[in-house]
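Heads up: the structure comes next, in structure tokens.
The values are calculated or read from the model by the stated rules, or taken from the named source; none is laboratory data. Worth saying up front: this structure is predicted, and the values here are computed from it rather than measured. Cβ placement follows ideal geometry from the backbone for every residue including glycine, while neighbour counts extend to all protein chains displayed.
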Amino acid sequence: MYGVVGYLVETLTDSRLGDFFHSNPWRPIGMNEIYLGPRDAEGSGLLLVDEYYYNNSTKGYVSLPHAVASDVEGADSITVSTVLDYTKYLRGMMTEAGPCQRPDTES
């Protein structure tokens, strides 16, 4: 279902889903270091941290490779961002500011 939503957004806007998110909800609230998936983030020049999980059998941490999404971007694609950008998003949601306004809210 999320793949269909992503396809519809790309078809109706004639742009990549990541580009659509950048120009609509993210950039207007100042989120400039958020990417739709590791592939976009790696191309930005930002350093991606390594991912680990704890293995109970070996009693140690094991490194995970970055998840590679399919070529079809869905609305459930993994976002890669900084803590500061997520904070901007949460602030926008809590104050219902910018593109995070409720539909019945007047500007």
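Worth a mention:
- Filtered residues of the stretch 16-32 (kept if in a helix (DSSP H, G or I) and either farther than 20 Å from Gly3 by Cα or not charged (D, E, K, R) (or both)): Leu17, Gly18, Phe20, Phe21, His22, Ser23, Asn24, Pro25, Trp26, Arg27, Pro28, Ile29
- Scanning the stretch 36-50 for residues that are surrounded by 14 or more Cβ atoms within 10 Å (Cβ to Cβ), over 25 Å from Glu96 (Cβ atoms) and touching a Leu at 6+ places or on another chain (Cβ under 9 Å) gives Pro38, Ala41, Glu42.
- Restricting attention to the stretch 33-47, the residues being touching a helix residue (DSSP H, G or I) at 6+ places or on another chain (Cβ under 6 Å), assigned to a helix (DSSP H, G or I) and hydrophobic (A, V, I, L, M, F, W, C) number 0.
- Qualifying residue in the stretch 19-31 (condition: within 15 Å of the chain's Cα centre (by Cα), surrounded by fewer than 14 Cβ atoms within 10 Å (Cβ to Cβ) and over 21 Å from Tyr89 (Cα atoms)): no
- Candidate set: the stretch 55-77, residues that are in contact with a Pro (Cβ under 8 Å, 6 or more places away or on another chain) and surrounded by 14 or more Cβ atoms within 10 Å (Cβ to Cβ); chosen: the one modelled with the highest pLDDT: His66
- Complete set of residues in the stretch 40-65 that are out of contact with any Ser or Thr (no Cβ under 9 Å at 6 or more places or on another chain) and closer than 17 Å to Thr82 by Cβ: Asp40, Glu42, Gly43, Ser44, Gly45, Leu47, Leu48, Val49
- Residue in the stretch 2-9 that is modelled with pLDDT of 85 or more, over 15 Å from the mean Cα position of the chain (by Cα) and surrounded by fewer than 13 Cβ atoms within 10 Å (Cβ to Cβ) present: yes
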